[in-house]
1. Run down the lysines and flag those whose C-alpha is under 18 Å from the C-alpha of LYS30, throwing out any fewer than 8 positions away in its chain.
2. Suppose all protein chains stay in the model; what accessible area per residue would a 1.4 Å probe give for the chain, in Å²?
3. To make sure I understand the rule: partners must be lysines, Cα under 18 Å from the Cα of LYS149, and not fewer than 8 residues away in the same chain. Which ones qualify?
4. Starting from the residue with the highest accessible area, list VAL109, VAL239 in decreasing order, probe 1.4 Å.
5. Report the full-extension gain for the segment ASN233 to LYS127: residue separation times 0.36 nm, less the Cα-Cα distance, to one decimal in nm.
6. Probe radius 1.4 Å, ligands and nucleic acids left out: which of ASP311, ASP191 has the largest accessible area, and how do the rest follow?
7. Using heavy-atom solvent-accessible surface (probe 1.4 Å) with all chains present, what is the largest-first order of TRP33, TRP202?
8. What is the dipole size for the range 1-150, taken about its Cα centre, with +1 at each Lys and Arg Cβ and -1 at each Asp and Glu Cβ, in debye to the nearest 20?
Amino acid sequence: MNFKIAVIAGDGIGPEITDAAIHVLNAVGKKFWHSFKFKHVLMGGCAIDAAGVPLPKETVSACKRSDSVLLGAVGGPKWDGLPGNLRPEAGLLGIRKALNLFANIRPAVLYPALLGSCPLRADIAAKGINIIVVRELTGGIYFGKRGYKETGRNGREAFDTENYSETEIRRICKIGFEYAQSRKKVLHSIDKANVLESSRLWRKVVHEMAAEFPGVTVIDMLVDNAAMQLVKNPSQFDVIVTSNMFGDILSDEAAMITGSIGLLASSSLGAGKLGLYEPIHGSAPDIAGQNKANPIATILSCAMMLRTSLDLPKEADAVESAINKALSETKMRTADIAEPDSEIIGCHEMGALIASLI
């Protein structure tokens, strides 16, 4: 089969980690007789430098013509002084909106071979971590009305507005319920209903929907408590569904308790098959171009792409199996997950190792 993949390498370590992922996808193609055609397009800081905007129209068009989109990372200190609408991150928000990708799926798994990398106490880590965070992606405070005044009543003023509709809440929570139904049948819904009106609506809609999924137990949890519980007892969580900002924060915390933010993949999905697949970490400009980045999160994102957008479950299993073998059967590690007896290798070498195990 032939597939068209749009590749947004982006900034910082983005080109390195996407190159490693492409190496693995080509190994999948060779083994399973598929052809992946990659179209490289610009977004983020590199797009600002080349075209003056963080998300060129040509990039959106190329993504819409593709079977799926692979993204590295965007941003860096070079562009920090730009206005909000011209910063690299505006491209990320824009592509999600343009492709109507309203659901962000972020698995957080602690691999047995990396128990020593987990920053939690050994007895907590030994219970295991296997969480899926389902994050709403195109609503909430990141997309609400905002403003800035240079001369307000008490000096400079700024505001950002949290806004959610019933439709937005229902469509993301439906995905959360479906994941919970296929796993342990427990759904943690994270909000701030003791303070925020938007969270009160969120909680109300979640409990109305629960009747449609009678086998799923819903547990409400305030976001501050959820942040504490992820450190105290992460094994209690299986599927988490939450708003845009809360999901952004909690999924990064979930990443770190599994050992490294370089291990967490994500998919951004809408109503159709087209999805955007990316690691949840940033562009890490401090190590860009030094062959030090961990490409595993990006490669795991490709496994999610194979399974979800391209309907290739066996191929996805092969990628995940290769990563497990690389971690469990060798001592080769990138620096972020290295232990005293590890052989430290670079981004390119880790990609090549995983590709060789497909």
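The values are calculated or read from the model by the stated rules, or taken from the named source; none is laboratory data. Just so you know, these numbers come straight off a predicted model, no measurement behind them. Don't worry about glycine lacking a Cβ; one is built from the backbone with ideal geometry, like all the others, and counts go over all protein chains shown. Heads up: the accessible areas ignore ligands, DNA and RNA and are worked out on the full protein's heavy atoms, side chains in. Shrake-Rupley method; radii C 1.70, N 1.55, O 1.52, S 1.80 Å.
1. Qualifying lysines at Cα under 18 Å: LYS4, LYS314.
2. The answer is 44 Å² per residue.
3. none
4. Final ranking, largest accessible area leading: VAL109, VAL239.
5. Computed gain between ASN233 and LYS127 is 37.3 nm.
6. Solvent-accessible surface, decreasing: ASP311, ASP191.
7. Reading off the accessible areas and sorting them downward yields TRP33, TRP202.
8. Dipole size: approximately 480 debye.
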